């Protein structure tokens, strides 16, 4: 006789009332277990050396584009819970030093994107694979076929932003004027159009708008001259003098070296809740 059979025999010999009580208890336990909600997986959080930029330098303007629908996807990007710039502490402190130099010359930095979670990069990849979604093409990639975004290097499955020491930014002449909000569905102008025609940004004229998928966005493109080139070089020379390295294909993209986390791609959300002690830079 198996153990299961012996247990069943013993159960059958119990008084009827006791058998009923045991059965009711077992049923209640089964219902409770089945109805219990699955325990949620806790969100990842940032290492202690990540900070909110505003706690290191509150004078730097933050216009976090991926928190808004005004980007090449056309909607808020996964992982951006707040319009917040998060960086490793050394990168944030270097930006503070750059800001001090620029303020004396009548400019302020403005950041478009800082730390970017891996889930946001995954969102970009899904969008790039959806060839039917062309809603923002007229502004951000008017001359690039969407089938070429991976091959041409505009979209990749990993981003240095996810390591926490890379920032997208520009210069704004002081006093800074507000940028008109983007209204979804509005008529779009090419990102390489003259400044008076493209989306109004309070940035100085860099020759293209931010996130422009076009060779004119290459930092040293020889077609960009005069005031536009001078503005790019002011940003480049200021940041490179403090340890940042520019990505040659994007005038706005800089990485502070040496990186604190050169081989780690983080996925904690962009929010103060991801930061220890609120991300204070002290």
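Taking a point 7 Å out from the Cα of residue 125 in the direction of its Cβ, the residues of the range 149-179 whose backbone N falls within less than 19 Å of it are 149-164.
Across the range 58-143, C-alpha contacts under 8 Å between residues 6 or more apart give a mean separation that, scaled by the residue count, equals a relative contact order of 41 percent.
The fraction of Cα-Cα pairs per 10 angstrom bin, counted from 0 for the range 48-189, comes to 11, 37, 34, 17, 1 percent, rounded to whole percents.
Multiplying the residue separation of residue 40 and residue 180 by 0.36 nm and subtracting their alpha-carbon distance yields 46.4 nm. The fewest-to-most ranking of 206, 136, 233 by surrounding Cβ atoms within 10 Å reads 233, 136, 206. PRE reach from residue 223 (point 7 Å along Cα→Cβ): which of the range 129-163 fall under 11 Å by backbone N? 143, by backbone N distance to the label point.
What is the Rg over Rh value, at two decimals, for the range 125-179, using alpha-carbon atoms and the Kirkwood definition of Rh?
1.09
In the calculated pair-distance distribution of the range 166-276, the portion above 20 angstrom amounts to 50 percent of the Cα-Cα pairs. If the chain linking residue 215 and residue 49 were pulled fully straight, counting 0.36 nm for each residue of separation and taking away their Cα-Cα distance, it would gain 56.2 nm. Spin-label model, residue 135 to residue 150: label points 7 Å out along the Cα-to-beta-carbon direction sit 2.3 nm apart. One chain, two ends: residue 237 and residue 263. Fully extended at 0.36 nm per residue, the span grows by 6.7 nm beyond their Cα-Cα distance.
Read the figures in this text as sums done on the coordinates, not as results from a lab. Here the structure is a predicted model, which means the values were calculated and not measured. Neighbour counts run over all protein chains shown; Cβ positions are idealised from the backbone, glycine included.
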